[in-house]
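Every number here is computed from the coordinates shown, using simple stated rules; none is lab data. The structure displayed is predicted, hence computed values, not measured ones. No Cβ is skipped: glycine too gets one built from the backbone with ideal geometry, and neighbour counts run over all protein chains shown.
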């Protein structure tokens, strides 16, 4: 079961975040910088930091879905166990937070204003997914366990000290 969850999560990681973080920004920027490095160096550094902070959070989140939740982030193969460890102790939606961080980081790194709009569209989509499907499904599946978790861990802005529920 765990091997299937790991393979499913890896496949979904390549398909969904791969498209959102790779293909979409490439179509917009063609990986070209909008200005010479010395003109926007501080913004590029902030962008690189946001990317470097988002990648390990994204990877850890996917790994926890597979190894602890025995499922994937994909709606077709959800976790069998509620994942509340690791980065999930700090924020309920670390995958969406990481994706947003990486897209905004790319916008700053490449100096591309259109990528900020792209990030805003994805934030809207993430909210639709969370409010329209994910949270109702988690409440129905995990009941009181999810209620306690959601009462103590913020949806979007990470808490500094991890919840030890």
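Given the residues 153, 104, which is the only one that is closer than 20 Å to residue 61 by Cβ and either free of Cβ contacts under 8 Å to residues at least 40 places away in the same chain or touching a helix residue (DSSP H, G or I) at 6+ places or on another chain (Cβ under 6 Å) (or both)? Spell out how you get there, then give the answer.
Values: 153 fails: either free of Cβ contacts under 8 Å to residues at least 40 places away in the same chain or touching a helix residue (DSSP H, G or I) at 6+ places or on another chain (Cβ under 6 Å) (or both).
One residue alone meets the criteria, 104.
If I filter segment 133-165 down to residues being assigned to a helix (DSSP H, G or I) and within 17 Å of the chain's Cα centre (by Cα), which single residue comes out as surrounded by the fewest Cβ atoms within 10 Å (Cβ to Cβ)?
Of all residues in segment 133-165, those assigned to a helix (DSSP H, G or I) come to 133-152.
Now drop any that are not within 17 Å of the chain's Cα centre (by Cα), which leaves 133-135.
On the way: 133: 11, 134: 18, 135: 16.
So, considering only residues that are assigned to a helix (DSSP H, G or I) and within 17 Å of the chain's Cα centre (by Cα), the one surrounded by the fewest Cβ atoms within 10 Å (Cβ to Cβ) is 133.
Can you find, within segment 1-10, the residue that is surrounded by the fewest Cβ atoms within 10 Å (Cβ to Cβ) among those that are within 20 Å of residue 95 (Cβ to Cβ) and either in contact with a strand residue (DSSP E or B) (Cβ under 6 Å, 6 or more places away or on another chain) or in contact (Cβ under 8 Å) with a residue 24 or more places away in the chain (or both)?
Filtering first and then ranking leaves 2.
Among the candidates 17, 73, single out the residue that is within 18 Å of residue 149 (Cβ to Cβ), in contact (Cβ under 8 Å) with a residue 40 or more places away in the chain and under 17 Å from the mean Cα position of the chain (by Cα).
Working: 17 fails: within 18 Å of residue 149 (Cβ to Cβ).
It is 73.
Please go through (1) in contact (Cβ under 8 Å) with a residue 12 or more places away in the chain; (2) in contact with a helix residue (DSSP H, G or I) (Cβ under 9 Å, 6 or more places away or on another chain) for residue 139 and return the number of the only condition it doesn't satisfy.
Every condition holds for residue 139 apart from (1).
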